[in-house]
Amino acid sequence: MAKGVTIYFMRHAQTYLNKYNRMQGWADAPLTDKGVEDVRQSARGLADVDFQAVYTSDLQRTVQTAEIVLEENHYADKNLRIEKRPEFREVFFGSLEGLPAADIWNQIGQNVNNDEDSYSGLIADDAVKRELNFLHDLDPYHDAEDFMNFWMRVELGLIDVITKHRESDKTILIVSHGMTIRNMIHELIPDFQIDSLLDNASVSIVRYEDGQYHLEAYNQTEHFKTD
């Protein structure tokens, strides 16, 4: 049987900027009480998954999320350490950080998707690129990452992790951010159609085997366990 690697991508739990529906890229708000409880429920549903390695971005909201996952995991021990990777940060929104998210996404809907308040336009092959390039142009300082700068950063980390584990036949956890996870999967999986934002503490599962990536779950929350 061919060896590969199974990657669990988890979005961080709810933060206060999420709660207030504000743009949050490199800005790093703490988890809310609801966020802590949600990730515990997610972690309990994954308690019997034997993670051989754990990666996060270097932003505290992903680190705290991963720490809770490991607290609940039946296999985790003191030798399983969290490796923080700046490559797995969220998109940097520049001067748009902290602004009302609904306003920004409405502008994306109008200018990128041609369909206000809808995510349907993002199924187009180049929509992710157009989305990030639009955000870069929308930032009056043009500090927000465009697609090329974003993907060059993220791809370095992703290739490094996959190369390290691709023949291990193990399972690894990457705790990252909604747009970063969504865009990584978009680049890895042929014909992947984006039709929703990722929920906080949700899990998306990708299997790499024989040089091919297979999407096994996307935005999964059904595994949450209350106790």
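Only the coordinates and a few stated rules stand behind these numbers; no lab work does. Note that the coordinates shown come from a computational prediction; the quantities given were computed from them, not determined experimentally. Positions of Cβ are backbone-derived with ideal geometry, glycine not excepted, and every protein chain shown enters the neighbour counts.
Return yes or no: is PHE51 in contact (Cβ under 8 Å) with a residue 60 or more places away in the chain and within 19 Å of ASN183 (Cβ to Cβ)?
So PHE51 fails the test.
Scan segment 17-35 for residues that are of a type outside the set (Gly, Ala, Ser), farther than 19 Å from VAL91 by Cβ and out of contact with any helix residue (DSSP H, G or I) (no Cβ under 7 Å at 6 or more places or on another chain) and jot them down.
Scanning segment 17-35 gives LYS19, ASP33, LYS34.
Check segment 88-98 and report whether any residue there is assigned to a helix (DSSP H, G or I) and closer than 23 Å to THR171 by Cα.
Initial filter on segment 88-98 (assigned to a helix (DSSP H, G or I)): 88, 94-96.
Cutting the leftovers down to closer than 23 Å to THR171 by Cα gives us 88.
For segment 88-98, residues assigned to a helix (DSSP H, G or I) and closer than 23 Å to THR171 by Cα: present.
Just checking, which of LEU215, LEU188, LEU197 is in contact (Cβ under 8 Å) with a residue 40 or more places away in the chain and not basic (Lys, Arg)? Working first, answer last.
On the way: LEU215 fails: in contact (Cβ under 8 Å) with a residue 40 or more places away in the chain; LEU188 fails: in contact (Cβ under 8 Å) with a residue 40 or more places away in the chain.
None of the other options fit; the residue is LEU197.
Looking at (1) assigned to a strand (DSSP E or B); (2) buried (at least 19 other Cβ atoms within 10 Å of the Cβ), can you tell me which one LEU215 breaks?
Single failed check for LEU215: (2).
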